[in-house]
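Take a look at the following structure, please.
We did not get these values from a lab; they are worked out from the coordinates using the rules stated. For clarity, every value in this text was computed on a predicted model and none was experimentally measured. Cβ placement follows ideal geometry from the backbone for every residue including glycine, while neighbour counts extend to all protein chains displayed.
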């Protein structure tokens, strides 16, 4: 019998900022006529929509949840798209959602306000012959039960809803799932449960391991966004999971955290997965799931912006419709000829290239290449230095970092998974929190960065100078608490190291240890004369992923020593594409 149990805290009613026009409890069926607008700033409906509001659905354990269904006003049966998340099904017109759209630079008229935050917009999908189901999941708003955060319970509950939907008289029996962030994560858990009527999924950027992606990335207790997620969502009548208390109680991987990793090998449903290089919360998890799910029919598109503008872009919505038309409607539209991978290469100076076709990621013409750190010249070289030189910094001094440069003498493209393989030592300390960054510099040595969102205002500059990493891309980062360096031999590959996070191995005085740090995947182009800078630091080089989140400060003291050359050949491994 396991002694690991979930920890709960009291929930609270939905605050005013999270309340939308349709939040109030109003069960019943009505028809929203073509031209209907939920509010003047939103997109009007192009067709009549049957709106079934606050429908009760009973889950296998007797808990009742409330759902909204928006469907075509037609007699024929239609497939349905589900958006599973704790964000209230009526929040599309809330101040909080409109605030997010304003932050990234999206016009509210992009959507109808009838969509769930980060989910499919009924204004488009109903006109294309689909129903959209927006549930309030277990423990949220008027739904019963205790809510959980990114958990296999989500998968079981969504399984029950999918099978209930498939039996409705208006449903064709085909169910799909779509959405970004939480709505993406829940698809991994649901697909792993294998509901018979789930025909296709569309995870559009999301974590796939709560421990490694959300609360303990690199073994560090960086819980700023988890705090925002726990306190800013999951509003309801009962209790909600207290993931902050769980991190405190269970700092190493155990059964609770394993339950927050989907069974990737059980996911066999067709999947259209969307990723980016720039989302410091979602990127690692999206690529991990892409690699590990068992689906024979899976597609990956790597874009060059941020998930919300990308998700609601008209061309991308049409592309998704082709996928769903094929798998939910059975249309012979040639979708299966779509390249299995479409990736982007960032230039960071306005010359990004997108939708590059490939049959795998990284592409076949990529070679993982070691660039050795030379502590004497502070450069990166493909030849291992014979001379051993160490470089160090005191964590309380300025600078609290060391960096190494590589100047490219010909056009060079990196596509794939970088990693750092380092020999390190702690002086006057028994542990190290290390942060690393792969940064692009122009021919003058100036760091390059690029907004991922349409908003380029003064305010967005302010919030992204340090932090708000999902809004501005500054390079590919990684991190590791050195005492959690033990590698998982079953999951690690030569390109992507994976750590067990099941033990703590403190450093002894004078001990030099070998570590590997996984770095977010890249697609990055360098012209002749441009440089790559590799930074190692004791501080969070990029800051938080969104504004107003408490920033994690590394648990460091003393000196960090990086050994290079000779018997301690530290290197940065980069995925170099051959021309």
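How much length is gained on full extension from residue 411 to residue 489, taking 0.36 nm per residue of separation minus their Cα-Cα distance? Intermediate results must be reported in sequence, preceding the final value.
Working: separation 78, 0.36 × 78 = 28.08 nm, distance 3.54 nm.
Extending this stretch completely gives an extra 24.5 nm.
Taking the beta-carbon count within 10 Å as an exposure proxy, list 546, 432, 459 from fewest neighbours to most.
Values: 546 19, 432 26, 459 12.
Ordered from fewest to most neighbouring Cβ atoms within 10 Å, 546, 432, 459 come out as 459, 546, 432.
Compute the FRET efficiency between residue 443 and residue 400 as 1/(1 + (r/R0)^6), taking r as their Cβ-Cβ distance and R0 = 41 Å, and round to the nearest 0.05.
The pair residue 443/residue 400 has a calculated efficiency of 0.90.
7 Å from Cα along Cα→Cβ at both residue 336 and residue 4: what's the point-to-point distance in nm?
Reported label-point gap for residue 336 and residue 4 is 4.1 nm.
What is the ratio of the Cα radius of gyration of the stretch 460-579 to 2.2 N^0.38 Å, where N is its residue count, to two decimals? All intermediate terms of the calculation are to be shown ahead of the outcome.
Numbers: Rg = 16.7 Å, N = 120, 2.2 N^0.38 = 13.6 Å.
Cα-based Rg divided by the globular estimate yields 1.23.
Please compute the modelled spin-label separation between residue 527 and residue 107, points set 7 Å along Cα→Cβ, answer in nm with one decimal.
3.4
Hey, could you grab the Kirkwood Rh for the stretch 8-332? Inverse mean 1/r over distinct alpha carbon pairs, Å, one decimal. The partial results should precede the final answer.
Details: mean 1/r = 0.0512 Å⁻¹.
Here the Kirkwood hydrodynamic radius works out to 19.5 Å.
If one computes P(r) from the Cα atoms of the stretch 366-442, what percent of pairs lie at distances over 14 Å?
Details: 2062 of 2926 pairs.
In whole percent, the share of Cα-Cα pairs in the stretch 366-442 beyond 14 Å is 70.
How do 201, 67 line up, fewest other C-beta atoms within 10 Å first? Present the calculation step by step, with values, prior to reporting the outcome.
Values: 201 28, 67 21.
Ascending Cβ contact count within 10 Å gives the list 67, 201.
Could you compute how fast the stretch 13-83 diffuses translationally, taking Rh as the Kirkwood radius over C-alpha pairs and applying Stokes-Einstein at 10 °C with viscosity 1.306 mPa s? Give it in µm² per second.
The calculation lands on 111 µm²/s.
What Kirkwood Rh does the stretch 366-577 have if only Cα atoms enter the pairwise 1/r average? Answer in Å. Please report the intermediate quantities before stating the final value.
Numbers: mean 1/r = 0.0560 Å⁻¹.
Kirkwood hydrodynamic radius for the stretch 366-577: 17.9 Å.
Which FRET efficiency value, to the nearest 0.05, is calculated for residue 514 and residue 367 with the Förster distance at 25 angstrom and r the Cβ-Cβ distance?
Values: r = 23 Å, r/R0 = 0.91.
It comes out at approximately 0.65.
Once you order the gyration tensor axes a ≥ b ≥ c over the Cα atoms, which shape class does the stretch 201-252 get: rounded for a/c under 1.5, otherwise prolate or oblate by comparing a/b with b/c? List each step's numbers first, then the result.
On the way: a/c = 2.01, a/b = 1.04, b/c = 1.92.
Because a/c hits 1.5 or more and a/b fails to exceed b/c, the stretch 201-252 counts as oblate.
Can I ask one more? Need the full-extension length gain, residue 548 to residue 377, defined as separation in residues times 0.36 nm minus the C-alpha distance. One decimal, nm.
Values: separation 171, 0.36 × 171 = 61.56 nm, distance 3.94 nm.
Residue separation times 0.36 nm, minus the Cα-Cα distance, leaves 57.6 nm.
Can you tell me the FRET efficiency between residue 30 and residue 322 if r is taken as the Cβ-Cβ distance and R0 is 35 Å, rounded to the nearest 0.05? Write out the running numbers ahead of the final one.
On the way: r = 32 Å, r/R0 = 0.90.
The value I calculate is 0.65.
What is the helix-to-structure angle for 314-328, meaning the angle in degrees between its Cα long axis and the longest Cα principal axis of the chain, kept from 0 to 90 and rounded to the nearest 10?
70
Another question, if that's okay. Under 8 Å for C-alpha pairs, at least 6 residues apart: give me the relative contact order for the chain, rounded to a whole percent. It would help to have the intermediate numbers written out before the result.
Details: 1481 pairs, mean separation 83.9, N = 579.
About 14 percent, as a whole number.
With the contact rule set at Cα under 8 Å and sequence spacing of 6 or more, what percent relative contact order holds for the stretch 8-332? If you can, show how the numbers build up before the last one.
Values: 745 pairs, mean separation 58.0, N = 325.
For the stretch 8-332, the relative contact order is 18 percent.
Still on this structure, I have one more. Along its principal axes, what span do the Cα atoms of the chain show, with the longest given first and each in whole Å?
If we take the Cα atoms of the chain, the spans are 78, 53, 45 Å.
Moving to a separate point now. Compute the Cα gyration tensor for the stretch 277-418, then decide on rounded, prolate or oblate, letting a ≥ b ≥ c be the square roots of its eigenvalues: rounded whenever a/c is under 1.5, prolate when a/b is larger than b/c in the other cases, and oblate in all that remain. If you can, show how the numbers build up before the last one.
Working: a/c = 2.66, a/b = 2.28, b/c = 1.17.
Judged from the Cα gyration tensor, the stretch 277-418 comes out prolate (a/c at least 1.5, a/b above b/c).
Something else now. Treating the angle as unsigned and between 0 and 90°, give the value, to the nearest 10°, between the Cα long axis of helix 152-166 and the longest Cα principal axis of the chain.
The two axes meet at around 30 degrees.
Now a separate question. Tell me, Kirkwood radius of the stretch 152-230 from alpha-carbon pair distances, in Å? Write out the running numbers ahead of the final one.
Working: mean 1/r = 0.0731 Å⁻¹.
About 13.7 Å for the stretch 152-230.
Need one number: % antiparallel among DSSP beta bridges in the chain, to the nearest 5.
75
Once the Cα gyration tensor of the stretch 184-319 is found, what semi-axes does its equivalent ellipsoid get, as square roots of 5 times the eigenvalues, in whole Å, sorted largest first? Before the final figure, lay out each step's value.
Working: eigenvalues 134, 66, 46 Å².
Three semi-axes, in Å: 26, 18, 15.
Sticking with this structure for a sec: Let me make sure I get this right: for the stretch 46-115, a, b and c are the square roots of the gyration tensor eigenvalues over alpha carbons, sorted descending. Under 1.5 in a/c it's rounded, otherwise prolate if a/b > b/c, else oblate. Which is it? Intermediate values should be presented prior to the final figure.
On the way: a/c = 2.76, a/b = 1.33, b/c = 2.08.
Verdict is oblate for the stretch 46-115.
Also, quick follow-up: Whole angstrom only: what separates the Cα centroid of the stretch 117-192 from the Cα centroid of the stretch 463-541?
35
Ok, one more. Tell me, what are the semi-axes, in whole angstrom and largest first, of the equivalent ellipsoid of the stretch 487-541 as set by the roots of 5 times the Cα gyration tensor eigenvalues? Let's see the in-between values first.
Details: eigenvalues 160, 65, 20 Å².
After scaling each eigenvalue by five and taking roots: 28, 18, 10 Å.
Given the -39500 (n - 2.57) contribution per DSSP H run of 4+ residues, what per-residue ellipticity at 222 nm results for the chain, rounded to the nearest 500 deg cm²/dmol?
Numbers: 11 runs with 99 residues, N = 579.
Helices in the chain give a 222 nm mean residue ellipticity of -5000 deg cm²/dmol.
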